Amino acid sequence: MENNGKIKIKPRNPLTGMDEPAFVPPQETAPPANDDNRRPLFRIKSKNTGYDKLLSQLTESERRIRNLRRWLIFGVPTLVLLVLGLVFFLKPSPALEALPALSADAEPGGGSSILRFLNEYNLVDKGVISQDQTIPVFLEKFRLPAEKIRQINEIASQQSIIQLKAGQEYLLFRNKKNERGIDFFVYEIDAYRYGVFQIYPQVGFQLVEKEVEERTKRVSGIIKTNLFDAIYESGIHPDILEKMESALAWSVDFYHLKTGDKFKMIYDEKLADKKTVEIGQLKAIYFSTNDREYYAFLFDENGQPAYFSDHGKPMKTSFLKSPLKYGRITSHFNLERLHPVDDVVKPHFGTDYAAEEGTEIHSVADGTVEAASFTTGNGNFVKVRHDNTYQTQYLHMQKFAPGVTPGKKVKQGELIGYVGQTGKATGPHVCFRFWKNGNQVDHLKEDIALPVRFPKETLQHFIAHRDSLMTELNTISF
């Protein structure tokens, strides 16, 4: 066959008898027009020429299988590590995971909810925090690992437990199944809650609420030495003293009682883990002192609870019984007293209350300061006018309270000065004088009570309420 004057011979395959395609030598291609026929400075030759040729011969499905294997080998482990890292950094404070389940018939353990909560653990130490301190300082003495202490302190800070407060209870527990030092550190956060710090196997935290109950208590007592001792000996929480004073402060001078005085009370209290943590309402009280009997009943009149006598008169009167909270009567109102300084018999128109120098003196009623002055006999004194009928006077003060000057308005119980021994005095005391219509009288013999203010219908409700409480009081024995 002719082709441009040349004959091309096609070779024949001896096996098939068919013509083979003619061999055509490769043609050189010209460089790109913008390359200026320049050669590169150097060329990077692949060292894996054989491997690259093998890849070029793989089918599409084979490539996909190969990529999937690569992902399983390298990608999945990387993703797992990433997820675990996120969980570690973003997880909240660890919670207790190893706490035992509470059994319904668990031994109460002295009434403590925390002992029931950790009934499968041994209580190895129990006490009271001696002074305010940080958790690391407290735990160091128990030889815990530094990292455990750091983790506990971090969790405590998240719970706003910055310091362990003096007087709060703590408990330490150990697992019964091993001899490890401490498994749980328990701290009494307040009267109603414990903070439980798990130490092993991992640090965690959980709040445990104490078991709270409310009850009405009926008690009595007889004074042998003083009121506080009588309260203590009767097993009554001392916070009741404030309630007693609130009910009878206008009738009974609680700071000048005597042996043989006695009382009965009905009041509510709140207990946490069988311990009294809060005194509720004092519903009724009976008090016998100085051969007189006093009753006070809490009655809610138009949404305003107040104390009333057994006759329905308000217990809160215009005047307190004493200008001092702490002191004792050393000299009564006496028209024929031998004067301790002048050594002559002359009237004593006041009541002397002895107390330590600097003891606070309070106005016994609302009023206006008429005088805050000094005389040779009275020393530093304050005189208060309460209305057109009554005035009170306080003598021998060490000094006046700041701002106590003539014209100042004062409230009942407001601080007006301090006990001293200025003027004619043999020791620190306040001579309290009570003026009625311009004359000095014995305030302990004055019956200053507000008139009955109940409407008839309300009075009937009060009488029924009083009778019910009176019946309860009568069932209480001394």
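The values are calculated or read from the model by the stated rules, or taken from the named source; none is laboratory data. Just so it is clear, the model here is predicted, and its values are computed rather than measured. Here Cβ is always computed from backbone atoms with ideal geometry, including for glycine, and neighbour counts include all displayed protein chains.
Scan LYS383, LYS399 and give me the residue that is buried (at least 19 other Cβ atoms within 10 Å of the Cβ), free of Cβ contacts under 8 Å to residues at least 40 places away in the same chain and not in a loop (DSSP other than H, G, I, E, B).
Result: LYS383 is the single residue among LYS383, LYS399 that is buried (at least 19 other Cβ atoms within 10 Å of the Cβ), free of Cβ contacts under 8 Å to residues at least 40 places away in the same chain and not in a loop (DSSP other than H, G, I, E, B).
Can you find a residue that is touching a helix residue (DSSP H, G or I) at 6+ places or on another chain (Cβ under 7 Å) and of a type in the set (Gly, Ala, Ser) anywhere in the range 198-217?
Among the residues of the range 198-217, not one is touching a helix residue (DSSP H, G or I) at 6+ places or on another chain (Cβ under 7 Å) and of a type in the set (Gly, Ala, Ser), which makes the answer no.
Consider GLU293 carefully, then state whether it is under 26 Å from ASN226 (Cα atoms), out of contact with any Leu (no Cβ under 8 Å at 6 or more places or on another chain) and not in a loop (DSSP other than H, G, I, E, B).
yes
Condition (residue is touching a Pro at 6+ places or on another chain (Cβ under 8 Å), among the acidic types (Asp, Glu) and surrounded by fewer than 20 Cβ atoms within 10 Å (Cβ to Cβ)) applied to the range 320-339: is it met by at least one residue?
yes
Take the residues in the range 160-178 that are of a type outside the set (S, T, N, Q) and either in a strand (DSSP E or B) or not assigned by TED's automatic domain parsing to the domain that holds VAL124 (or both); name whichever of them is surrounded by the fewest Cβ atoms within 10 Å (Cβ to Cβ).
So, considering only residues that are of a type outside the set (S, T, N, Q) and either in a strand (DSSP E or B) or not assigned by TED's automatic domain parsing to the domain that holds VAL124 (or both), the one surrounded by the fewest Cβ atoms within 10 Å (Cβ to Cβ) is GLU169.
Given the criterion modelled with pLDDT of 70 or more and in a strand (DSSP E or B), identify the matching residue among LYS325, LYS321, LYS346.
Going through LYS325, LYS321, LYS346 in turn, just one is modelled with pLDDT of 70 or more and in a strand (DSSP E or B): LYS346.
For every residue, the table says whether it meets (1) farther than 16 Å from GLY221 by Cβ; (2) within 32 Å of the chain's Cα centre (by Cα).
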{"residue": "ALA247", "(1), (2)": "no, yes"}
{"residue": "TRP250", "(1), (2)": "yes, no"}
{"residue": "PHE254", "(1), (2)": "no, yes"}
{"residue": "GLY260", "(1), (2)": "no, no"}
{"residue": "PHE263", "(1), (2)": "no, no"}
{"residue": "TYR267", "(1), (2)": "no, yes"}
{"residue": "ILE285", "(1), (2)": "no, yes"}
{"residue": "SER288", "(1), (2)": "no, no"}
{"residue": "THR317", "(1), (2)": "yes, no"}
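Being touching a strand residue (DSSP E or B) at 6+ places or on another chain (Cβ under 9 Å) and surrounded by fewer than 17 Cβ atoms within 10 Å (Cβ to Cβ) narrows it down to one residue among PHE184, PHE138, PHE142, PHE197; which is it?
PHE142
Does at least one position in the range 282-290 carry a residue that is modelled with pLDDT under 90 and surrounded by fewer than 20 Cβ atoms within 10 Å (Cβ to Cβ)?
yes
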